[in-house]
Amino acid sequence: MTSSPVLTQHPTTLRTTLPNGITVIAIENPVADIVSSRIFIGAGQLCETEQTAGLFDLLTAVIVKGTASRTAMDIAEAVESIGANFGADVASDYSLLSLKTVSADFETVLAIAVEVLREPSFPDHEIELERRLILQGLKSMKEQPFGMAYNYFREALYAGHPYGLSQAQTEQCVAKLTKADLQQAHRQYFRPDNIVITIVGRISPSLAVKLVDQYLGDWSVPDEPLPQVSFSPIRVAAQRIVTPQETNQAFIVLGHLADEVTGPHYAALKLMSTYLGNGLSSRLFVELREKQGLAYDVSAFYPTRRGPSQFVAYIGTAPQNLSVALAGLQAEVARLKDMPLTEEALQVSKNKILGQYALGKQTNGQIAQTYGWYEVLGLGMAFDEDFQRAIAAVTLEDVQAAAQHCFVEQTVSILGPAEAIAALTPS
C-alpha cells in the first residue's frame, strides 16, 4: 500500500525588519502552489481631514494605473497574462496592495507591485476617471437606506474625528483633489518605515525576505519625520438623528463609542457583539425576528480599530413597527448592563467567535491579511495567540463590566417614512 504524503500543519515563519524599516513576515505553506502577499501602508482614512476626505480612496484607486515605466494597460496585461491578481484598497487605518500568483511567477508580480509602490505616475486621465467613479459610488449610496442611516450614525458619533468625516465632505473633497495632493500623500506616507509586507505560500521564508530586500532594500527613509495622526477627543453625548425618507422599510442604527483594539474591554465587547448579532442563533435574531417578527434584518457589530471603535446594533423593520423595534433593540442592548449572561451563553459565544476566527485563516491570502493587519496596527504577530487567549479568559463579570462602561451615552440614527418617524416618542 502506498502511503499519502504528509504535509506540515505548522508552516515555517520568519519575521524580520530590514535596515530601512520595512517589516517582512514570510510564512511557508506548501499545500498549494500559490503565493499571496499583502503590502500594508500605515495610512488610511484615519489620516484624512475635513480638507482631504476621500484622499486615500482616490490615491489607492489611481496608484495601480501607471508607473514611471508602465501604463495602466501595461500593468493589467502583465498581471493578467500569467493569471495573477493584483490590486489596491484602503481601510480606516491602512492602505493596501494585494497580489496573488502561482509560485513561479511571484517575483514577476512582486516587481510590478514594487514599481506601483515606489514610482506611481498618477496619470491625469486616470485621476479624472477614478474621481468620477468614486463620486458615482457616493451618489449611489444615497439610494441605500441602511447605508445612509449608518453614515448619519457614524458622522454623529465621531463628530470632529477622521472616522466621522461625512459623505458630503468626501464628495466635496474628491471633486477638488489634485494630482499634487496625491503625490504629496504618497511622498509623506508611502515610505519604508511605514510598510509591512506579508508573503504566504509555497516559497521559503528566506527567499521571500531576500526578494523583498532585493527590490526594496535600497529604498531610503526620507529626512522628514512620518506625519503623526492627532485629533481632538471625541465628545461623548446621547444623540438622536432622524431622517424622513420614503422607504419600504424603516432602519434603526444605534450604538456607542467603544474601546480601540488595545483597550481593556476589547475581548469582552467582541464576545458581546457575537452574542447579540452573529448568526441565526444570536440574541437579536431570535428575540426580535423569530419571536416578535419585527425585523427584516437585525444584527450587531464591533469593528477592530486602531482608534476609538463603535459598538453597533441595527434593525430594518416595517414602518408601522418602528417604535416597538426601537424599544426592543434598546432593551436588548441595555439588558447586558443589568443582567449577566449565563455561563452557557458565554461559552457558546466563545466557541462561535473562536471557530469563525480559525476559519478566517484558511487561505494564504487570509493568513497574509491577518498577520499584516496586526502588524500595521502595532499589535505584532503575537496578537494572533493573545486574542484567542483573551477571548477564552473573558468572564461573566468582564462582559457586564464592559457593558456598564461602554453602553452609557447612546447615539441613534433612524431613517424611514415621515409618518412613522413622527409617531416616535421624543428622545
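The values are calculated or read from the model by the stated rules, or taken from the named source; none is laboratory data. Keep in mind that what you see is a predicted model, and the values were worked out from it rather than measured. Here the Cβ is made from the backbone with ideal geometry for all residues, glycine too, and neighbour counts use every protein chain on show.
Pairs please, first residue from the range 214-237 and acidic (D, E), second anywhere and not in a loop (DSSP other than H, G, I, E, B), Cβ atoms under 9 Å, 6+ apart in sequence or on different chains.
Here the result reads E224/R187; E224/Q188, each pair linking the range 214-237 to a residue that is not in a loop (DSSP other than H, G, I, E, B).
Go through the range 88-147 and give me each residue that's within 16 Å of I197 (Cβ to Cβ) and basic (K, R). Reasoning before the result, please.
Here is the first cut: in the range 88-147, the residues within 16 Å of I197 (Cβ to Cβ) are 88-89, 94-101, 106-107, 109-118.
Residues satisfying the conditions are K100, R118.
Mind telling me which of the residues L117, L110 ends up being within 22 Å of the chain's Cα centre (by Cα), surrounded by 15 or more Cβ atoms within 10 Å (Cβ to Cβ), hydrophobic (A, V, I, L, M, F, W, C) and within 30 Å of Y374 (Cα to Cα)?
Among L117, L110, only L117 is within 22 Å of the chain's Cα centre (by Cα), surrounded by 15 or more Cβ atoms within 10 Å (Cβ to Cβ), hydrophobic (A, V, I, L, M, F, W, C) and within 30 Å of Y374 (Cα to Cα).
Looking only at the range 269-290, decide whether some residue is under 16 Å from L336 (Cα atoms), touching a residue at least 40 places away in the same chain (Cβ under 8 Å) and among the aromatic types (F, W, Y).
Yes: the range 269-290 contains one or more residues that are under 16 Å from L336 (Cα atoms), touching a residue at least 40 places away in the same chain (Cβ under 8 Å) and among the aromatic types (F, W, Y).
Sort out which residues of the range 238-261 are exposed (fewer than 13 other Cβ atoms within 10 Å of the Cβ) and hydrophobic (A, V, I, L, M, F, W, C), and write them in order of number. Walk me through how you get there before you give the answer.
First, the residues of the range 238-261 that are exposed (fewer than 13 other Cβ atoms within 10 Å of the Cβ): 238, 246, 248.
Answer for the range 238-261, where residues must be exposed (fewer than 13 other Cβ atoms within 10 Å of the Cβ) and hydrophobic (A, V, I, L, M, F, W, C): just A238.
This table checks each residue for (1) over 22 Å from the mean Cα position of the chain (by Cα); (2) over 30 Å from V174 (Cα atoms); (3) touching a residue at least 40 places away in the same chain (Cβ under 8 Å).
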site: T12; (1), (2), (3): yes, yes, yes
site: G54; (1), (2), (3): no, no, yes
site: A61; (1), (2), (3): no, no, yes
site: V79; (1), (2), (3): yes, no, no
site: G83; (1), (2), (3): yes, yes, no
site: F86; (1), (2), (3): no, no, no
site: L97; (1), (2), (3): no, no, yes
site: V102; (1), (2), (3): yes, yes, yes
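Please verify whether L336 is assigned by TED's automatic domain parsing to the domain that holds R283, in contact with a helix residue (DSSP H, G or I) (Cβ under 7 Å, 6 or more places away or on another chain), part of a helix (DSSP H, G or I) and over 30 Å from F231 (Cβ atoms), treating the condition exactly as stated.
On the way: assigned by TED's automatic domain parsing to the domain that holds R283: yes; in contact with a helix residue (DSSP H, G or I) (Cβ under 7 Å, 6 or more places away or on another chain): yes; part of a helix (DSSP H, G or I): yes; over 30 Å from F231 (Cβ atoms): no.
Considered against the rule, which asks whether it is assigned by TED's automatic domain parsing to the domain that holds R283, in contact with a helix residue (DSSP H, G or I) (Cβ under 7 Å, 6 or more places away or on another chain), part of a helix (DSSP H, G or I) and over 30 Å from F231 (Cβ atoms), L336 comes out as no.
Return the residues of the range 283-325 that are of a type in the set (D, E), more than 26 Å from A418 (Cα to Cα) and either surrounded by fewer than 17 Cβ atoms within 10 Å (Cβ to Cβ) or not assigned by TED's automatic domain parsing to the domain that holds Y266 (or both); say none if nothing qualifies. Walk me through it before giving the result.
Of all residues in the range 283-325, those of a type in the set (D, E) come to 287, 290, 297.
Then keep just the ones that are more than 26 Å from A418 (Cα to Cα); that gives 287, 290.
The one that is of a type in the set (D, E), more than 26 Å from A418 (Cα to Cα) and either surrounded by fewer than 17 Cβ atoms within 10 Å (Cβ to Cβ) or not assigned by TED's automatic domain parsing to the domain that holds Y266 (or both): E290.
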